[in-house]
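One structure is given here, and the rest of the page talks about it.
Here, each number is a calculation from the coordinates, and none is a lab measurement. Values in this document were obtained by computation on a predicted structure and should not be read as measured data. Ideal geometry is used to build each Cβ from the backbone, glycine not excepted, and the neighbour counts take in all protein chains shown.
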Amino acid sequence: MILTSRGGPDYGPGPFGLSGSAYPAGVTTPVSGPPRPAASPVDLVRATRSDRAVLSNLGQLYRHDLSEGMGLLPNADGTFNNRRLDAFFVADDPTARGWLIRVAGQTAGFVLTHADDAGGHTGGQVLGDFFVVRALRRTGVGMTAAVAVMRARPGRWTVGFQDYNRGARAFWTRVATAVAGENWSLEHRPVPGKPELPPDSWLTIVDVSAGDLSGTGPATAPSAGDTSR
């Protein structure tokens, strides 16, 4: 454990050689961690039901991440529920699409989308689930993947998230700006059937411009800013 002190005659130099905020003598200063994994190239590979094992494993990491903000606890067997991923496996929605995010050849996350015809708008898409492993967050990987998936299906896109999921609002508004400039809106909506929960945030991008996304090729969409998810 690293302890800090206001300093004094019995303390050594501070972490930056400055007085007044020194560590006690004999207490080491923090050391930096190991280097991060490579953050490029980013590949998006279409997922199929045969990818059940890897998607299920990533889905557990994803739900664990969400458990802090959403107050979720695991089941008795130590696993978390993931109903949308379950629906993807059984082909409950024929419009559902999934991608594995790979970075420098390594598994790094996943994306799930499905069609959205709500409100009389046909041809819209919902980005329902999005996950990047922690070691590659704030490296541009999440931005690259999100932008590429949206540009693969031009038109209207909707993303739901929770404001109490730290960093989600900042990340998704940056994505929206990257693909559509200022042509997007953000609103709160109640959670259907769960009035006790805080409202969800829904970001609607009116018109995403086209871009390239091959089944196994690099996600060449521009990367900008830090990722939070």
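Taking a sphere under 13 Å around the Cβ of Gly123 and counting the other residues whose Cβ falls inside, with K and R at +1 and D and E at -1, yields a net charge of -1. Taking θ = phi - 60°, what integer Hz values does the Karplus form 6.51 cos²θ - 1.76 cosθ + 1.60 yield along the range 163-172, in sequence order, with x for Gly and Pro? Whole-Hz 3J(HN,Hα) from phi for the range 163-172: 4, 7, 7, 3, x, 5, 4, 4, 5, 6.
Compute the Cα gyration tensor for the range 42-208, then decide on rounded, prolate or oblate, letting a ≥ b ≥ c be the square roots of its eigenvalues: rounded whenever a/c is under 1.5, prolate when a/b is larger than b/c in the other cases, and oblate in all that remain. Don't jump to the answer; show the numbers that get you there.
Working: a/c = 1.31, a/b = 1.12, b/c = 1.17.
Note, shape of the range 42-208 comes out rounded.
Please give the net charge around Asp163, taking every other residue with its beta carbon less than 13 angstrom from that of Asp163, where Lys and Arg add +1 and Asp and Glu add -1. Working shown, then result.
Values: positive: Arg166, Arg169, Arg189; negative: Glu187, Asp200.
Once positives and negatives cancel, what remains is +1.
The spacing between the range 124-143 and the range 165-209, judged by their C-alpha centroids, is 14 Å.
In the neighborhood of Arg49, defined by Cβ-to-Cβ distances under 15 Å, what is the net charge if each Lys or Arg adds +1 and each Asp or Glu adds -1? The partial results should precede the final answer.
Numbers: positive: Arg46, Arg52, Arg84, Arg97; negative: Asp51, Asp86, Asp92, Asp93.
Here the charged neighbours net out to 0.
Reducing the range 41-59 and the range 75-90 to their Cα centroids gives an inter-centroid distance of 15 Å.
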